[in-house]
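Since the structure comes first, as structure tokens, the remarks are kept for the end.
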Amino acid sequence: MSAAPRFFIGVVVLCGTTVLTYSVWHGRSENPLKFISYLVIALAASRLKVNLPGITGTMSVNFLFLLLGVLELSLSEAMALGCAAVVVQCIGPDRPVPLHVAFNVCSTALAIAVTFSVYRFSLLHRAVHNPSTLLFLAASVYFVANTLPVAAVISLTEHKSLRKIWADCYFWSFPYYLVGAGVAGMMSWLHGFTDWQTSLLTLPVGET
């Protein structure tokens, strides 16, 4: 690996570690049982790989729980849920490379922080009066923040166009992020009428 991708990875790891440290330092939980339940389900779901039409390969469903965490949990809880799910997702038959795991965890931490800020930002709430529009905006931000750093590393490593790599490898997964936002929004909406345990029963089950 040349100096350019190493430098980029180092910046992402440094920024992600800073965000993680901040979230842990200011950690809080209003409903620990709810957080633990979401965490257990997210860890189990992070091992699921769903085949989606129009996309080569498979896609993990843990982004659904990350969006749900942004809606329902605090920043520290959403961060813990998302980063733990990424670690479990990296575990496989082959021994994971520590640098890859660190980059994936830190880039996910940055994506969660940006998405959380967009969805919870008070001025944006005043400008966007429709909660559904705000949720889909947050999902769009998470899609870009989650996929662009990986595409950037590939671009720097293989000396190819960032725009082409991002468009060819990741852009066509964008509609599924929006579908995930709709599912997360439906669960949050049901939570307003029932309890959060009942809303978890509405989760779709995909084939691995």
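The values are calculated or read from the model by the stated rules, or taken from the named source; none is laboratory data. Bear in mind the structure is a predicted one, so any value in this text is a computation, not a measurement. Using ideal geometry, Cβ is built from the backbone for each residue, glycine included, and neighbour counts are taken over all protein chains shown.
Among the candidates Ala84, Ala109, single out the residue that is over 18 Å from Ala139 (Cα atoms) and either touching a strand residue (DSSP E or B) at 6+ places or on another chain (Cβ under 6 Å) or among the small types (Gly, Ala, Ser) (or both).
Ala84
Restricting to the range 49-81, and then to whatever is modelled with pLDDT under 85 and among the hydroxyl-bearing types (Ser, Thr, Tyr), can you tell me which residue is farthest from Ser107 (Cα to Cα)?
Thr56
Going through the range 158-181 one residue at a time, which ones are surrounded by 16 or more Cβ atoms within 10 Å (Cβ to Cβ) and small (Gly, Ala, Ser)?
Ser173, Gly180, Ala181, listed by residue number.
Quick check, is Ser155 of a type outside the set (Val, Ile, Thr), over 19 Å from Glu72 (Cβ atoms), surrounded by fewer than 18 Cβ atoms within 10 Å (Cβ to Cβ) and at pLDDT 85 or above?
So Ser155 does not fit the description; no.
With Ser37, Ser23, Ser46 as the choices, which residue is at pLDDT below 80 and polar (S, T, N, Q)?
Being at pLDDT below 80 and polar (S, T, N, Q) holds for just one of Ser37, Ser23, Ser46, which is Ser46.
If the Cβ limit is 6 Å and pairs must be 6+ apart or interchain, which residue in the range 127-148 that is farther than 16 Å from Ala113 by Cα pairs with which residue that is at pLDDT 90 or above?
Hits for this filter: zero, empty list.
Kindly provide the set of residues from the range 169-200 that are among the β-branched types (Val, Ile, Thr), in a helix (DSSP H, G or I) and at pLDDT below 65, ordered by number.
Thr198
Within the range 103-122, is there a residue that is touching an Asp or Glu at 6+ places or on another chain (Cβ under 9 Å), at pLDDT 80 or above and not basic (Lys, Arg)?
Scanning the range 103-122, I find no residue that is touching an Asp or Glu at 6+ places or on another chain (Cβ under 9 Å), at pLDDT 80 or above and not basic (Lys, Arg), so the answer is no.
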